[in-house]
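Notes for the one structure printed next.
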Amino acid sequence: MESRLVRTVRERVTVRHVLLMVVFLAIVYGFTRSVETTVGIAVGFALIETMQILREASSIDDRWVGIGNGVFITVVSLVWLVYELTVAANTGGPAWFPGLTALIGVWFLFDARRDFTEGRHPHPNDDMTASEMMLVMNHVHLVAEELKQGPKTVAELVDACDLTESRVREALNVATDDGMIYRVDGSPSDDIERYALDESKVGGVAFIRSNGKRILRRLARPFRR
């Protein structure tokens, strides 16, 4: 029987997920024309995925994972920023980007500090970590794209999106709460359970309306009293 770690890697590192990351990195390079920037983002992605896999496959305290993320991102970003401002100053490198990622690292540290203060372990379902939120939102997008072709069962979405059933159901739970996706027929215990997409709630404006408050609330959480 495969170990829990191997099973978690297989569930998270799917072909579609890897291809999406490759396409995103290609777009970043197309805009910046900077190998350093692209490699830096790739390392960041690899770190986040590794931390998330360890979190799901072991008993590591989520709060210490957050601290590790924050320290690593902040330190690497500051070293990168110093390099851009000194050694690579004449090449016109994107000094703003490592500055931004350093702020993101600091946010991770404050977020983990808030977890320790509140004694939160693990995170509740209604207050996901930043990496979990980004992952779930990506899965919601994949599911919504498939439902544009018509209602589908959970099993059909699993095959079409190249995701595990638990990931599909997680995405459906988030999207149904917002009303973007709704159940057509069946129940969670039925094999004929089917879901459809409300296309009036798809698009940039609808996305901001349905997810803007949630995202802003999550970003502000480390600083709320």
For this session: Count, please, the residues in region 82-100 that happen to be modelled with pLDDT under 85 and either open to solvent by 60 Å² or more (accessible area, probe 1.4 Å) or in a helix (DSSP H, G or I) (or both).
Result: 12
Seminar exercise, completed: Within region 33-46, restricting to residues that are assigned to a helix (DSSP H, G or I) and touching a Gly at 6+ places or on another chain (Cβ under 9 Å), the one that is farthest from Gly70 (Cα to Cα) is Glu36
Exercise. Ser34 fails exactly one of the following numbered conditions: (1) modelled with pLDDT under 80; (2) closer than 25 Å to Asp111 by Cβ; (3) open to solvent by less than 40 Å² (accessible area, probe 1.4 Å). What is the number of that condition?
Worked result: (2)
Exercise. Of all residues in region 138-163, which are open to solvent by less than 30 Å² (accessible area, probe 1.4 Å) and assigned to a loop (DSSP other than H, G, I, E, B)?
Worked result: Gly150, Leu163
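The values are calculated or read from the model by the stated rules, or taken from the named source; none is laboratory data. This one's a predicted model, so the numbers in the text were calculated from it and none came from an experiment. Cβ sites come from the backbone with ideal geometry, for glycine too, and all protein chains shown count toward neighbours. These accessible areas exclude ligands, DNA and RNA; they are computed on the full protein's heavy atoms, side chains included. Shrake-Rupley method; radii C 1.70, N 1.55, O 1.52, S 1.80 Å.
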